[in-house]
C-alpha cells in the first residue's frame, strides 16, 4: 500500500479536519527517534514504518543531544537531523516534529541541558533567562524543520499540564512567536498529558490543542473519554489529535471510532538509549532508573524485528487508506448495536462517512468472545478486539468482512471467520456470478466464497479460510483470511495479491569472555571541603570519583545523594545505593580515606515533588558525607496540644499520646545533649507515616517527607549545647509515628574528584587484559573491565541479553557506550522503560577490522560477589 505522496505545499487545520496539500488526511503516526537508532539503520526503520501502512512519524529533537555543553553544537553524524528528515521525505512519510524545548521521552533531563539548572535558570517558565537559552536552541533547530518537506506539524513543549508553569499562556506564546519568526508555516500544536488542554497550550491563538491518552486497553471508558475532547474541539472547528497513546491497535481502532484524526501510538518503533542518555523518573515507588533498552512493546523491536502487532498495523492502516477522504472527514454518528458482551460506555460507536455511508466499530473490551447485532445482522466479535462494519459506501451495502485495500476496480477484504459482503451493483451476467473462485498458495480451492443474487443485491459469504476472489459488475472483490491480509503488500500488475515473505528465523549466539582487566580511575583534582556537584564541575553525564578524609564512625551518612553511589573506606566496600536525592545510611567503618563513586544515571525527565532527585532540574552527586559518631534517642517527651492540660505537661514516649479527636494533633518536646566535637546533626524518622513538622532551638525546618525521613538540623545546633527538639505530630487514622533518632557526627573534608564521561571511559577501556572465561566473578565492590569475544560475529544488529546477578554494567561497543545494565539481585533498584538486562549492538557500528565489546562491571552487593554467567545475542 503506497498512496501517492509529495512534499506538502501546505498543511492546514479547518472544519474539524487536517488537510495536507488540500486533501483531507487521517494520520496514523508512529514514534521513531533518530537518537535511539544508529544512523545506518534510519532508512530501514523509516521504510518499515511506511510499509506498515502508517503515513507519519513523530520525532522528538532533544536539545541536550545537540548542545553538548554551553555553546557547543553538533548536528553531524549520528546527530544529522537534516539527513534524517530527508530520508523520511524520501520514504514517503510526514513528520510531526517535536523540538521541545522540553520533550520528556524518558530522556536525560527531558532534553533540558543540565547546565541550565546548575546556573539557577528557571525551567519551563515564561522567564527571560530561560527563553534566551531556548531561543539559541530554536535558532538552530527551527530552520531545519522549516526547510524540510516532510514536516507537517510542529509541537511546542510537551505535556505542560503536568508541570507547575506559572504563566503557561505567556510561555507558550513566546515559543509560538519564535516559531513564527523562523517561518514555520505548518500548524503548531501543544499536547496535554492529563487532559488539561488550557494549561498545556495556554489557550494561545495559533496553537492547536492536542491530547495524549494512555488508558487501560481493557477499559470500557476509552471512547467516552475521547468523545469529551472530540466534542469540545469540534465546537471550535478543530479535530481531535491524539499525539500519544498505547501501542495496541485495538485501542487505536477505538480512538478512531471516537473521531480522532491523528493517532500517534507511543512507541511503535523501539530503540536504545546510547551513551549516558537515560533518565530517572517516578515509575517506581516512586523512584525508577530508566533502562538503556527503550522498548514499550511497539511493533518494531529495538533491533528492528517486526512483531505480531505489525500485521495489526497493516490491517488498520489499510482500511484508513481505502476509505480515504470519506473517513478523514467523517464525524461521530448514532448507531444501534446490541451485544452479549460489555460494550463501551455509552454503547458502540459509529462514524458518518463524508459523501455517504457509515463505519461501525464493534469494540469488545472484555476477555470473552461474543456476538453483536446491527439490525438483523449478527457479527462474531473476538475478545479484546474492535472490528469495523462498513455500511452503504461505494456500492457496498454491508460488509462484515473488513475493508483492507481499495485499488482501481478492486476491493480487498479481510475475514476473521465467516462473514458477508453485500454489493448493490448487480453482476454483469449470471456467468459472472458463477465465476467465484478461491485459491491459496497456488492451489485452486472451491467453496470458500459463496455468492447469491437477491434482486439487485449480490451477497458474498467468504469463509475466511483461504484466498478468494469474486466479481460483481465492474467491481472485483478479493477475500483474504485475516492472517494473510496482515501480510498483504499490495496487488501486482494482474491484480493478484502480493504478500510479505515469511519472517526470518531468529539467529542466536553465545559470547565468550576473552579477558578481564583491573579498573583504574582517571587522575583526580582537589576541590576543597565540599563535594561539589558534578554539574558545577562541568560534568553533565558519566561518572565521578570523590575522595576525602573521614573520621571513624558507627555509620556513614550521605547527604542529598542522587542517582547511583558506591562507597568504600580504605578499600572496604560499604554498599551501593540509589537514595533519590535524600540521605543514605551505610554501615560503620574504621575511618580513613573515603571514596564515593557517583554515576549520573540520568537527570529526571519528569517533575515529581515526592523525592528531591525527581524534581526537574535537580542535580546529581551528593552534598556531604558524615561519619556518625553517636546515635541519640531523645527522651522523655513532654506533650502539649488541644485537649491536653497545660501544667505540668504530660511526659510520654514519642507518638504515644492517645486522643479521640480527629485529626489527632500534639506537640512533643525533648532536650538532647550534643557533643562539642561534632559538627553535624540529622534527625532520622524511621517508619514515619504521619505528618510531622520539625523545630530545633526555635528554628523551623518544615514537614518531614516520609520518603526521605531525615532532616539536617545542623544550622540550629551549637556544638556542646543542649538541643531543644519540638515535633508537631498530626494523624487522622493512627498513621505510624515511627521512631526518632538524632544522628551526630563529623563531616568528611579535603575532597578531590576525578571525572569520566564517554571519551574518558573509551581511553580507560584500553587497559591490558588477562585471559578469562565465563562465569566472571567480582568480589563485593570490585570494579573491573570484562572483554567479550566478537570474533566471526556478522555485521548485523543484535539484541544482547546478559545473565548473572549483582552486577552493574556499562557496555562499550567499538568505543561507544551502547548502554547500562543492572543485573538481578536484592539491592537492584526499580528499573523501567525496557529490559534491565538487554541492549542493542547496532549493525552499522560494526567495523571491518575487528570488533570489541567491553564491559565496565561493578559488583554492587555489600556482602556478596557479583557474577556474569552468559551473554546471548539474537538477531
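Quick note: the coordinates plus some simple rules give every number you see, no bench work behind them. Please read these numbers as outputs of a predicted model, since none were measured by experiment. Please note: Cβ atoms are built from the backbone with ideal geometry, for glycine as well, and neighbour counts cover all protein chains shown.
Odds and ends about this structure:
- Dividing the summed helix terms, -39500 (n - 2.57) for each DSSP H run of n ≥ 4, by the number of residues in the chain produces a 222 nm estimate of -4000 deg cm²/dmol to the nearest 500.
- With Cα atoms, 0 to 90° folded angle of helix 222-234 axis to the chain main axis: 80
- Three principal axis lengths of the chain [C-alpha, angstrom, descending]: 108, 74, 53
- Cα centroid separation - the stretch 178-249 against the stretch 580-639, whole Å: 40
- Least to most buried among 280, 225, 797 (fewest other Cβ within 10 Å first): 225, 797, 280
- Distance between modelled label sites at residue 791 and residue 754, nm, 7 Å Cα→Cβ extension: 3.2
- Average Cα contact separation per residue, the chain, under 8 Å, 6 or more apart, as relative contact order %: 11
- Label-to-label distance, nm, for residues given as residue 508 and residue 216 (7 Å Cα→Cβ offset): 3.5
- Angle between the chain longest axis and helix 168-181 axis [Cα atoms, degrees, rounded to 10]: 60
- Using the alpha carbons alone, the radius of gyration of the stretch 308-388 stands to its Kirkwood radius in an Rg to Rh ratio of 0.98.
- Gain on full stretching of the segment that runs from residue 236 to residue 180 - 0.36 nm per residue minus C-alpha separation: 17.9 nm
- Overall form of the stretch 160-212 per C-alpha gyration tensor (a/c, 1.5; a/b vs b/c): oblate
- Over the stretch 520-622, the ratio between the Cα radius of gyration and 2.2 N^0.38 Å evaluates to 1.06.
- Length added when fully stretched, residue 456-residue 593, from 0.36 nm per residue minus Cα-Cα: 39.9 nm
- With Cα atoms, 0 to 90° folded angle of helix 128-147 axis to the chain main axis: 30
- Ranked for footprinting exposure by Cβ neighbours inside 10 Å, fewest first, 620, 777 give 777, 620.
- Span from the the stretch 371-396 Cα centroid across to the the stretch 701-779 one, whole angstrom: 61
- Gap separating the Cα centres of the stretch 803-875 and the stretch 466-536, nearest whole Å: 21
- Take every Cα pair under 8 Å whose residues are at least 6 apart in sequence, average their separation, divide by the length of the stretch 608-691, and the relative contact order is 25 percent.
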